[in-house]
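Notes for the one structure printed next.
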Amino acid sequence: MALAHVASSTSRSNLLRPISAFVSPNLRRQLSTDDTRTLTIETSVPFTSHRCESPSRSVETTPSELLSFFRDMATMRRMEIAADSLYKAKLIRGFCHLYDGQEAVAVGMEAAITKKDSIITAYRDHCTFLGRGGTLLEVFSELMGRIGGCSKGKGGSMHFYKKDSGFYGGHGIVGAQVPLGCGLAFAQKYKKDGTVTFALYGDGAANQGQLFEALNISALWDLPAILVCENNHYGMGTAEWRAAKSPAYYKRGDYVPGLKVDGMDALAVKQACKFAKEHALKNGPIILEMDTYRYHGHSMSDPGSTYRTRDEISGVRQERDPIERIRKLILSHDLATEKELKDTEKEVRKLVDDAIAQAKESPMPEPHELFTNVYAKGYGVEAFGADRKEVRAVLP
Amino acid sequence: MWGIVRQRLGGYSAYYSLQRIGLGHLLNSLKCYSSEAAAAKKMTVREALNSALDEEMSADPKVFLMGEEVGEYQGAYKISKGLLEKYGPERVCDTPITEAGFTGIGVGAAYYGLKPVVEFMTFNFAMQAMDHIINSAAKTNYMSAGQISVPIVFRGPNGAAAGVGAQHSQCYAAWYGSCPGLKVLAPYSSEDTRGLLKAAIRDPDPVIFLENELLYGESFPVSAEAVDSSFCLPIGKAKIEIEGKDVTITAFSKMVGYALKAAEILAKEGISAEVINLCSIRPLDRATINASVRKTNRLVTVEEGYPQHGVGAEICTSVIEESFEYLDAPVERIAGADVPLPYAANLERMALPQVEDVVRAAKRTCYRSV
């Protein structure tokens, strides 16, 4: 059943009245059964391709997948909003770049790949980390600089990692993660793992020279590298048309094929990533441009409204919000009731609040941690604190 | 007292009037009856930078500003506020996030005779442009036997801010300071900032201008001279912030504030510290530093950057080479810890110099137990 068809029949109101509202509770399907039947859903818009064939607009999914999309995105959304409050309460320091609005990219990508595939991204990494299997507790502990954090409090917001499930960070320098991602792909090919790497970057990073250098090499050497441009249309305060002569990022690979995807549609993201993985394993690099949007400013120090209008922001929220899209799909296919979804959201809110409370209990790192992990193998070399005669350590 | 102070400053150029000696500190802690001091106004470092840029752009049409968010966003840290409106997009250029590219373009423009001011959002990002700074800018006047000079200024925040993590907190003073062909400046107060930025823009050579994000909002008194648009400070001259006789403490940028606080604490314990604000990392004012140590016989160097091959290492060596017989105690270095900067607040505090570290080192030179 095409989403477009359903949507047009309820165009008068944003809220989709669930069909089950007219049916007695006894006949309503339980959430847990029938979750393996396949649904075929059309993406919001067709894919646009460059030097390759587009994948089909019809995406196969299951009720359980859609419900997990909803839950995961709601968790990510709630986590980022909570992080905003924690930052304003000064429990999070330094930089904090929030991902709310872009959740469909993280969630759709995970649905298409395994934890043996690798993902690498820049500093807007909280949700990507969560998608890779990180926990809310690890996120909030790291943000507050506590030992329970994924980097033991030593990294901070921009430096989350989870190597055991293929998440390589978490990088602060714009564009650096792309050659690194191609390097991961190089190693995957070298070791014949049959896996791929997704190297995420933004429209701001899309003009970095190192990207093209790494892409050239990846194409020459047929590396299984998938470059994913999360185009939220603003590089900090600069709109894409002011930074790029050609903002058609999916075409910027020139000889490398590309696909433009509605990044607010988790099913479209899933389809594109599935397609890209198959392509990369056979034919080398491909670029995916995810047309997405961030509701927050670039970081917590940026209001996000000096270079965008509030109408634009609320317009996207109204028309294209990724969570609302999935909510409508779930309701229109009668996979859950409005109340059940609201209960999920309440549950998620509680999980986030509990994780924050637990994270606050996590202690700060011990002083000796200052000197741990400088090297993997320190050979007993000496390292010094600020006063070298007062604080010195031996690096193991 | 003022007479003696003047005498001590014999080595400085004529422009260096009484006002240059630690005006901020003197005004804050002593009653000063100088009429010029009474008219002193206050200015934040941000205002100092903005006004210096504005005046130099106004005075010389070849001066232009380029960098990320310098124009429409009014500057990532609002340093270039109002400049786009005043001078237009040809002279205030918003660049894409491509340091290697736009730095190369800036250096090329300087080759041709323009006077670019290239802003790095932080000097951490300038590492992407290192080849152009060193190979294209620093060495060209030499390689071309003087045909092509490079009148460019590279400016932006340097060193640690607050909790911004390992990739956003490094101090590059020592790296740039080791490179011939570059001039490297590190102001502390608003007056330093104004005078040195104006000097840097007027200078015909590539200048690295190291600012500090945490100083941008700090307010300092400025003398009447400093507010004048012709104001300029000499490059290569350190400034004695406060005179002392027991120990010389050298510092630059934010650490000058820490050294001044340490001096206050030491004074209560009967130790008179002379605080030198380096102002210029390259050329390094070895004369002033050595003259000071010959007077006090003890040295503590303070910097935020890593200790090995740091600015303090060069200063200590200079003093050992030139004033060895004058030293009554081993030289002391206070620097950042030998680790990538951690995020956790307690670890970050341990990884960066604190006032108590400076006090402790100064006491050690005086053989006082801590």
Test for A:GLN30: is it modelled with pLDDT under 95 and of a type outside the set (Lys, Arg): yes
So, in region A:152-202, of the ones that are closer than 17 Å to A:LEU281 by Cβ and of a type in the set (Val, Ile, Thr), which residue ends up nearest to the chain's Cα centre (by Cα)? A:THR197
Hey, could you check region B:64-95 for residues that are touching a strand residue (DSSP E or B) at 6+ places or on another chain (Cβ under 8 Å), within 19 Å of A:GLY304 (Cβ to Cβ) and open to solvent by 30 Å² or more (accessible area, probe 1.4 Å) and say which is farthest from the other protein chains (Cβ to nearest Cβ)? B:TYR77
Residues in region B:53-74 that are closer than 23 Å to B:LEU233 by Cβ and either part of a helix (DSSP H, G or I) or not charged (D, E, K, R) (or both): how many? 10
Got at least one residue in region A:196-213 being modelled with pLDDT of 95 or more, open to solvent by 10 Å² or more (accessible area, probe 1.4 Å), away from chain B (no Cβ under 14 Å) and closer than 23 Å to A:ALA106 by Cβ? no
Answer yes or no: is there a residue in region A:354-361 that is among the acidic types (Asp, Glu) and more than 24 Å from the chain's Cα centre (by Cα). yes
Going through region B:96-118 in order, the residues found to be farther than 16 Å from A:GLY209 by Cβ, in contact with a strand residue (DSSP E or B) (Cβ under 7 Å, 6 or more places away or on another chain) and open to solvent by 10 Å² or more (accessible area, probe 1.4 Å) are B:ALA109, B:LEU114, B:LYS115
Among (1) in contact with a helix residue (DSSP H, G or I) (Cβ under 7 Å, 6 or more places away or on another chain); (2) under 23 Å from B:GLU211 (Cβ atoms), which single condition is B:VAL331 missing? (2)
Those residues that are open to solvent by 10 Å² or more (accessible area, probe 1.4 Å), basic (Lys, Arg) and farther than 18 Å from B:GLY163 by Cβ, I need them from region A:122-173; list them, please. A:LYS162, A:LYS163
Output for region A:272-295, where each listed residue is of a type outside the set (Lys, Arg) and open to solvent by 40 Å² or more (accessible area, probe 1.4 Å): A:PHE275, A:GLU278, A:LEU281, A:ASN283
If we keep only residues of region B:201-226 that are of a type in the set (A, V, I, L, M, F, W, C) and in contact with an Asp or Glu (Cβ under 9 Å, 6 or more places away or on another chain), then the residue most open to solvent (accessible area, probe 1.4 Å) is B:ALA224
Looking at this structure, is B:ILE148 away from every other protein chain (no Cβ under 14 Å) and touching a residue at least 40 places away in the same chain (Cβ under 8 Å)? no
Being more than 14 Å from every other protein chain (Cβ to nearest Cβ), closer than 19 Å to B:ALA173 by Cβ, in contact with an Asp or Glu (Cβ under 8 Å, 6 or more places away or on another chain) and touching a residue at least 60 places away in the same chain (Cβ under 8 Å) is true for just one of B:VAL311, B:VAL300. Which residue is that? B:VAL311
Every pair of residues 6+ apart whose Cβ atoms lie under 6 Å, when the first sits in region A:155-177 and is more than 11 Å from chain B (Cβ to nearest Cβ) while the second is basic (Lys, Arg): A:LYS162/A:ARG132; A:SER165/A:LYS115; A:SER165/A:ARG132; A:GLY166/A:LYS115; A:PHE167/A:ARG132
Is region B:12-28 home to any residue that is modelled with pLDDT under 95 and more than 24 Å from B:CYS232 (Cβ to Cβ)? yes
Are any residues in region B:314-339 farther than 22 Å from B:ILE271 by Cβ and at the interface with chain A (Cβ under 7 Å from one of its Cβ atoms), and if so, which ones? B:GLY336, B:ALA337, B:ASP338, B:VAL339
Among the residues of region A:178-188, the number that are surrounded by fewer than 24 Cβ atoms within 10 Å (Cβ to Cβ) and touching a helix residue (DSSP H, G or I) at 6+ places or on another chain (Cβ under 9 Å) is 4
Filtering region B:151-179 down to residues that are of a type in the set (S, T, N, Q) and more than 14 Å from chain A (Cβ to nearest Cβ) yields B:ASN158, B:SER178
Residue satisfying all of: in region A:214-223; in contact (Cβ under 8 Å) with a residue 12 or more places away in the chain and surrounded by 16 or more Cβ atoms within 10 Å (Cβ to Cβ); farthest from the other protein chains (Cβ to nearest Cβ) among these: A:LEU223
Out of everything in region B:330-358 that is open to solvent by 10 Å² or more (accessible area, probe 1.4 Å) and in a loop (DSSP other than H, G, I, E, B), what residue ends up being farthest from A:GLY153 (Cα to Cα)? B:PRO330
Run B:TYR176 past the list (1) surrounded by fewer than 24 Cβ atoms within 10 Å (Cβ to Cβ); (2) touching a Leu at 6+ places or on another chain (Cβ under 9 Å); (3) among the aromatic types (Phe, Trp, Tyr) and report the number of the one that doesn't hold. (1)
Flag for A:ILE226 being within 20 Å of A:GLU278 (Cα to Cα), open to solvent by 10 Å² or more (accessible area, probe 1.4 Å) and not in a loop (DSSP other than H, G, I, E, B): no
Could you give every pair whose Cβ atoms fall below 9 Å, whose first residue belongs to region B:343-368 and is more than 7 Å from chain A (Cβ to nearest Cβ), and whose second residue is among the hydroxyl-bearing types (Ser, Thr, Tyr) and surrounded by fewer than 19 Cβ atoms within 10 Å (Cβ to Cβ), counting only separations of at least 6 or pairs across chains? B:LYS363/B:SER369
Can you tell me how many residues within region B:119-132 are open to solvent by less than 40 Å² (accessible area, probe 1.4 Å) and more than 9 Å from every other protein chain (Cβ to nearest Cβ)? 6
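The values are calculated or read from the model by the stated rules, or taken from the named source; none is laboratory data. Predicted model, so just to flag it, every value in this text is computed and none were measured. In this analysis, Cβ positions are derived from the backbone assuming ideal geometry, glycine residues included, and neighbour counts consider all displayed protein chains. We work out accessible area using only protein heavy atoms, side chains counted, and drop any ligands, DNA or RNA first. Shrake-Rupley method; radii C 1.70, N 1.55, O 1.52, S 1.80 Å.
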